[in-house]
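All remarks here apply to the structure that follows.
A short reminder: the numbers here are calculations on the coordinates, not readings from a lab. None of these values were measured; they are calculated from a predicted model. Methodologically, a virtual Cβ is constructed for each residue, glycine included, from the backbone with ideal geometry; neighbour enumeration extends over all protein chains shown.
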Amino acid sequence: MFFGTDEVWFEVTGSCFDCETRHFDRLSQPLQEIMDARIWAGLHCRTADVQGRILGETIVDYMAENYSHTVSSALRPPDTRDLLKGVSHRLT
């Protein structure tokens, strides 16, 4: 995680519904609310939202490991072979 912890308190004020302010104690709380709302609205089943969350976290981890570098190491392009693991059999 970017902050090193999920325990970050923050508020979000909406632009509709009387500009309601929502309070969260963890960074993961709004994502869970959004996932629940999409299920309740009939847009997705839970499996699709959970898989989407896992995919997003995997991409963020990869980006943090390969693209968040100091200035001197940023001059060297990242090795993208790790990103292609699992699909390399389709490329040959």
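Sorting Glu33, Glu11 by the number of Cβ atoms found within 10 Å of their own Cβ, with the fewest placed first, yields Glu11, Glu33.
With 0.36 nm allotted per residue and the present C-alpha distance subtracted, the Thr5-Arg46 stretch has 12.3 nm of extension available.
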